[in-house]
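Reviewing the structure listed below.
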Amino acid sequence: MSDKEMSFLGHLEELRWHLVRSFSAIFIIAILIFINIDFVFNEILLAHLKPDFATYEFFCNVFTAIGIDSNFCNISLKQTLQALNPTQQLMTAIWSSLILGFILSFPYIIWELWRFIAPGLHSSERKKSRGFIFISSLLFFLGILFSYYVILPMSVYFFYNFQISSSVENNFKLEAYISLITNTLIGVALLFELPIIIFFLTKIGLITPQFLRKYRKHALVVVLVLSAIITPPDIASQVIVSVPIMVLYEVSIYVSQFILKKQQKNVSKSPRV
């Protein structure tokens, strides 16, 4: 009994050190970001307020090439935000640094997670899952890029130009604007991890490809609802966001099917008693 207890406590101790190293990586990167916070805000977090942002210029060139006048060619966004209490700029800088620290240290965090899980796997399973860190990091950063260059420019453009009355002026708070940016980045990046999540849920028997196919229509509804939440309320924006997520959902079905077939094959090869 004591051996099992010690074994359990040993696992907890090991997990604690993995978490300590992961949080240390986040804090170290966050400190570096905070030191360069002026550049980070002006060139990254507030970049969508600039009329020469890459996405606006891309849409302008596309519409111009097909002979359509576009507002993307003459964007004029108010580039000042309001800080309504003395500590808001400092707290926003700290919080933003921590979130960006998490984003940049994501591959290391996944590596620490893998180091904790790997000893419990068979050698064959460890060899077959070596691409886990690369694939999960790739999907995560694809989500970051997609939200930064597609979703966020459309969201910022829409919310800055939407008015219920000419008597109401859009003066956004710094905290609310940065929350829009960071929440969208993290939210979309995690949505792009869907194939990885389905992989593990299939491995432990909670999800099957039949289940995913059966509830495909329900998933589409959920995706459209999520798209409506994180994008401006227009059909074009929702479709642009929904398409890659549904593609990932279809990929997840094939991932689940592949895992299930491998498990069934291993069962059929195992000797019967």
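The values are calculated or read from the model by the stated rules, or taken from the named source; none is laboratory data. In this text the structure is predicted, and so the values were computed from the model without any measurement. Note: ideal-geometry Cβ built from the backbone for every residue, glycine included; neighbour counts use all protein chains shown. Heavy atoms of the whole protein, side chains included, go into the accessibility calculation; ligands, DNA and RNA do not. Shrake-Rupley method; radii C 1.70, N 1.55, O 1.52, S 1.80 Å.
Kindly indicate which of A228, A189, A176 is in contact with a helix residue (DSSP H, G or I) (Cβ under 8 Å, 6 or more places away or on another chain), at pLDDT 85 or above and within 30 Å of Y56 (Cβ to Cβ).
Checking each option against the conditions leaves just A189.
In the range 60-84, which residues are open to solvent by less than 70 Å² (accessible area, probe 1.4 Å) and within 24 Å of I178 (Cα to Cα)?
Result: F72, I75, L77, L81, A83.
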